[in-house]
Amino acid sequence: MSNLTIELKMIATDELLTIKEASEWATKHTGKTVTTANISYLIQYGRIKKIGDNGSTQVSKQDLINYYKSYNGHREVSWKDQLGSDLNWALSFDQYKEAETTKHVHRLHPYKGKFIPQLVEYFLDSKTDKFKTETYFKKGDIVLDPFSGSGTTMVQACELGMNAIGIDVSAFNALIGNCKVTIYNLVDVQTEISRITKALKEFLTNSHTLEFEEKLLRALYEFNNEFFPVPEYKYKLRQGEIDEAQFGAEKEKEFLPSYNKLVKQYSIKLRQDKADNLFGRSPAGRAFRYNLLFVPHKRIFTSIPNANYSLN
Ligand SMILES: C[S@@+](CC[C@H](N)C(=O)[O-])C[C@H]1O[C@@H](n2cnc3c(N)ncnc32)[C@H](O)[C@@H]1O
């Protein structure tokens, strides 16, 4: 039994803590700064249970103990058990907070399959260590990521003064990647935002959409409060008390008549008649068709519309 396990067992388990006390306890026991916002996040996302009302919210120390059991080296040991003791744990970048792994443009979209930028940096930059004994890339090189996802590798290559090419089968991922690496003319961006805002205002003035959305949001709010209360619902999910797929499907079916009624009442059209709609005319619309990305670090490459996956 490790020292940590013994220590955790010795802590009284029925104790309730305020958010502030929980943050102080967690800071002491993890050796990392755990803020009150971090604790609120754990409650919000159902990792630990909320006890009491807003203002006098408390959490159970036992819940915190269970949650933090996965840290302090336990994760490393568990992965090494599964994958072998030669696993280079440093490359997990486990110590980084979410804010650091989604630094600058990486936060533009919460794409779950993205690499950790620090991992890409490690392999691209010029530093060496016992594990990476050689440098493979230098400024001005061209990096190809044939599965570029949301573009982390391309962004990091650009940051290190390299050019980058990305390819992805998903047009949406190509759009995210393009947004992160394109060089923008800020005046053009401002003009485009004004154009879209004006078009949107006109569209909303001439439709019942706003009223429809207000009614729909109200109905959804009441429905969600009843059947998906936060954070109780997420907590039950994590405890395995609810089958999310089945429950979600049932509730969706239950809500559908209210939705259809509102659509009918406000004469809402669910599809645009013509392809030449608001988005079809915008650069964002065009970007949906780019599946091949060329990153213009030094303006050597340009985007290719309607490209397929071959480089011919
Ligand atoms: C883990 S993500 C890549 C992360 C990315 N390299 C980065 O730097 O963040 C894997 C990507 O591969 C793409 N993919 C899967 N099969 C593919 C294929 N046959 N051709 C191109 N892309 C593919 C997926 O759409 C997904 O975006």
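The values are calculated or read from the model by the stated rules, or taken from the named source; none is laboratory data. Everything quoted here is computed from the prediction, not taken from an experiment. Cβ coordinates were reconstructed from backbone atoms using ideal geometry, including for glycine residues, and neighbour counts include every protein chain displayed.
Conditions (1) surrounded by 11 or more Cβ atoms within 10 Å (Cβ to Cβ); (2) touching a residue at least 60 places away in the same chain (Cβ under 8 Å); (3) under 25 Å from Leu124 (Cα atoms); (4) within 12 Å of the ligand (Cβ to nearest atom), marked per residue:
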| position | (1), (2), (3), (4) |
| --- | --- |
| Gly151 | yes, yes, yes, yes |
| Leu160 | yes, no, yes, no |
| Gly166 | yes, yes, yes, yes |
| Ala171 | yes, yes, no, yes |
| Gly177 | yes, yes, yes, yes |
| Leu186 | no, no, no, no |
| Ile196 | yes, yes, no, no |
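Checked against (1) more than 18 Å from Cys179 (Cα to Cα); (2) near the ligand (Cβ under 10 Å from one of its atoms); (3) surrounded by fewer than 21 Cβ atoms within 10 Å (Cβ to Cβ), Phe147 meets all criteria but (1). Determine whether the range 126-137 contains at least one residue that is assigned by TED's automatic domain parsing to the domain that holds Gly177, at pLDDT 90 or above and surrounded by 14 or more Cβ atoms within 10 Å (Cβ to Cβ). Yes: one or more hits. Tallying residues that are under 17 Å from Phe115 (Cβ atoms) and either touching a Cys at 6+ places or on another chain (Cβ under 6 Å) or small (Gly, Ala, Ser) (or both) within the range 146-180 yields 10.
Return yes when Lys253 is among the basic types (Lys, Arg), outside the structural domain of Leu108 (by TED's automatic domain parsing) and closer than 30 Å to Gly46 by Cβ and no when it is not. Working first, answer last.
Values: among the basic types (Lys, Arg): yes; outside the structural domain of Leu108 (by TED's automatic domain parsing): yes; closer than 30 Å to Gly46 by Cβ: yes.
So Lys253 fits the description; yes.
Within the range 240-268, residues that are free of Cβ contacts under 8 Å to residues at least 24 places away in the same chain sit with their Cβ atoms under 7 Å from residues that are among the hydrophobic types (A, V, I, L, M, F, W, C), at 6+ positions apart or across chains, in these pairs: Glu244/Leu237. Applying the selection to the range 129-148, what residues are in contact with a helix residue (DSSP H, G or I) (Cβ under 8 Å, 6 or more places away or on another chain) and among the aliphatic types (A, V, I, L, M)? The answer is Val143, and nothing else.
Kindly indicate the residue of the range 94-106 that is within 15 Å of Thr153 (Cα to Cα) and surrounded by 12 or more Cβ atoms within 10 Å (Cβ to Cβ) and also nearest to the ligand (Cβ to nearest atom) among those meeting that condition.
Ranking the candidates gives His106 first.
Listed by first and then second residue, the pairs with beta-carbon distance under 7 Å, at least 6 apart or on different chains, first residue in the range 93-122 and farther than 14 Å from Gly151 by Cβ, second more than 9 Å from the ligand (Cβ to nearest atom) and at pLDDT below 85, are Asp94/Arg75; Gln118/Tyr96.
Test Phe212 against the criterion of being within 16 Å of the ligand (Cβ to nearest atom) and aromatic (Phe, Trp, Tyr), and give yes or no. Step through it out loud before you land on a result.
On the way: within 16 Å of the ligand (Cβ to nearest atom): no; aromatic (Phe, Trp, Tyr): yes.
No: the conditions fail for Phe212.
All conditions but one from (1) modelled with pLDDT under 85; (2) in contact with a Ser or Thr (Cβ under 8 Å, 6 or more places away or on another chain); (3) among the hydrophobic types (A, V, I, L, M, F, W, C) apply to Leu210; the one that does not is (2). Just one of (1) part of a helix (DSSP H, G or I); (2) in the same structural domain as Ser258 (by TED's automatic domain parsing) fails for Pro229. It is (1).
Per the listing Ile242, Ile142, the residue uniquely within 16 Å of the ligand (Cβ to nearest atom), surrounded by 12 or more Cβ atoms within 10 Å (Cβ to Cβ) and at negative phi is Ile142.
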